[in-house]
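We did not get these values from a lab; they are worked out from the coordinates using the rules stated. This is a predicted model, so every value here is computed, not measured. Reconstructed Cβ throughout: ideal geometry from the backbone, glycine too, with neighbour counts over all protein chains shown.
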Amino acid sequence: MVDHSWPLLNLLIIGPKEAGASELTKCLSGEIGGVFSAEERNYVAIDVSADPRGTIQQVMQGTIVADGAVLVADASDGRTESLESIGLLLSNMGVDQVIVALNKIDLLDGPARLDAARERVRQLMPQVDLQCLSIVPLSAKTCENVCEPEGIGSGNDGPTLSEALNGFEALPSLADQPLRLPLTTSTERQGSRFYEGRLRSGVLVEGDQVLLSPSNALARVARVQILDGRQYAQIAHPGDQVSLLLDMDSHIEAGELLSHVEEAPIESDVFRGRILWRRKEPLTAGARVDLDAGGSVVQAEVQSISRCIDATDPQKETSNDLLPGQVGEVILRAVNLIAIDTRATCPANSRLQILDEQGVAGVGSISMDGYADQRGVVTVRATNVTRVAHQVSTDARVNRHEHRGAVLWFTGLSGAGKSTLAIEVERAMFEKGYEVYVLDGDNIRHGLNADLGFSPEDRSENIRRVGEVAALFSRAGIVAISAFISPYRSDRARARAAAGSDFHEVYIKAPIEVCERRDPKGLYARARSGELREFTGISAPYETPESPELTVDTATHDVAACVAQVIAYVDSELSISPQSPPSSS
């Protein structure tokens, strides 16, 4: 008998055709969709193959919370194409807890074939961005190793499926998740401004210090009113429609997301959306859309679309567009920083909708895989500071050096030739009389940025610091050549803002295949093997410059030709004719 006092977890049972997903569902629960127990856990087994489009739509729009999935694979089938497509589908659905059930072990003729099947799964999981909790060999036909290990004759020494399921973790309740309150409207009452919204998650208590995002304003909650007939309350819970009086000097705009300071949402203008598309017209790269994300509606551009899978036929070939009924990964770039969450930071605030004139055109969830939380690089913590005015003018420095100060920002993939080209350009410019210095990624990380790693957040901070240093060089009348991958457009835009009109983006262009063949440090090979995580071009994104001042193609030109191209640009943009010194009479 099922004890319903235990938490109930939704478990998706999914796999390629003929792999036995429906058989396994019946084996677990006795009937499709039935409740079953695994020690101290209760599960609802959902057979996705019974209604793939309907089930996936419910998962993507959040009406079904998928706590985990059992990916059913045919252990006797050496092909992996179908399994790879299903794995991509799960990844796009945001399912981050997966057990692989190697079904039909009763058809295997020995432990060697089971070991080969396990190895195929191990190699496949990183390719589809899935974390596999366990690989369980079993037979859905005989129920061997589903709940009891009896009958296993193929050398399995791991857990049964029932035992493996106990590794799944349920999402925290809404009250136990971080505080998220989108402020949608404001009203003036009796000389005070009240802000209203519906509490999505967490608990809000009168007197709490709160953070407003993306403005980064701090405030204290002076009064809480629950808008359901009651006047005032000292505490608000998820689902409450509240009106707040905040103890702060300035007014804020609707669209801010209120949180506690210590559990703030992510701030970014670029992120991944895992989207189920619902319109007849496909979603295409470059499209302008309205997004409902993080509690506010903003305009955004579809930067790219990838990994599209048809929910009803995962093996069906797809285009680069997101077609009706498909689930795909879409990189979205908003016009400004917005406050958002992922399933890892706050599940209740991680949903995403693409809107059009007819309503909701696409539904899904937010992912920040490969992208940085930009809150740290835009937050100004020092307030008691004043800029010092120099008594040496910019014109005086230009006349002294006979050229303008500048930032030549070399960006491109690892192996594209940035450092090689930067050093050669520095030498050639110095010989021509330019005051010039190279800021190279590896050299900077030995000193100024030795405290930073290679996470998306550390990459952004690395580029922020370099951008500010390069801007100081340019204001001193020196040409700073920065040679950094700098993969994110947002970070390069901040470097451009720091240097102003002195910034010159130089795209060192080479296809990833060429860079990988060069691989001067052996990094691509290590990234392909999984040894290096967050490696640009492999497991982390590189965003190609949209309109660089100069593009240098190192795949089709040798070093000398590329140097000559850069020098010609520098001479035309930075050099000036020497001016006569002022008369002393």
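Key figures for this structure:
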quantity	calculated
Beta bridges per DSSP with both ends in the chain, % antiparallel, nearest 5	65 percent
Normalised alpha carbon radius of gyration of the range 179-263 [divisor 2.2 N^0.38 Å]	0.96
Viscosity 1.567 mPa s, 4 °C: Kirkwood-radius Stokes-Einstein D of the range 290-334 over Cα pairs, µm²/s	111 µm²/s
Alpha-carbon Debye profile of the range 8-165, log10 I(q)/I(0) at 0.14, 0.16, 0.17 Å⁻¹	-0.62, -0.82, -0.94
Cα-based convex hull, the range 157-196, per residue volume (Å³, whole number)	86 Å³
Fewest-first ranking of 261, 270, 298, 398, using other Cβ atoms within 10 Å as the exposure measure	261, 398, 298, 270
Cα-based helix-to-principal-axis angle, 489-499 vs the chain, degrees rounded to 10	20 degrees
Angle between the chain longest axis and helix 111-127 axis [Cα atoms, degrees, rounded to 10]	40 degrees
Additional length obtainable on full extension of the chain from residue 501 to residue 395, 0.36 nm per residue less Cα span	36.7 nm
Listed peptides 325-334, 282-291 by packing density, highest first (mean Cβ within 10 Å)	325-334, 282-291
Burial order of peptide ranges 81-88, 106-113 (average beta-carbon count within 10 Å, highest first)	81-88, 106-113
Over the range 394-573: Kirkwood hydrodynamic radius from C-alpha pairwise inverse distances, Å	16.5 Å
Positive dipole terminus of the chain, leading residue within 82, 523, 37 (C-beta point charges)	523
Lys, Arg +1 and Asp, Glu -1 on Cβ, resulting dipole of the range 394-573 about Cα centre, debye, nearest 20	220 debye
Geometric extent, Cα atoms of the range 447-501 - Rg, Dmax (angstrom)	11.1, 33
Square roots of five times the Cα gyration tensor eigenvalues for the chain, Å	50, 35, 19
Å³ per residue enclosed by the Cα convex hull of the range 246-334	124 Å³
Unsatisfied cross-links (Cα-Cα over 23 Å) in the set 104/316; 17/141; 26/316; 26/104	104/316; 26/316
Charge dipole (the range 199-357, unit charges on Cβ, about Cα centre) - positive-most of 201, 214, 250	201
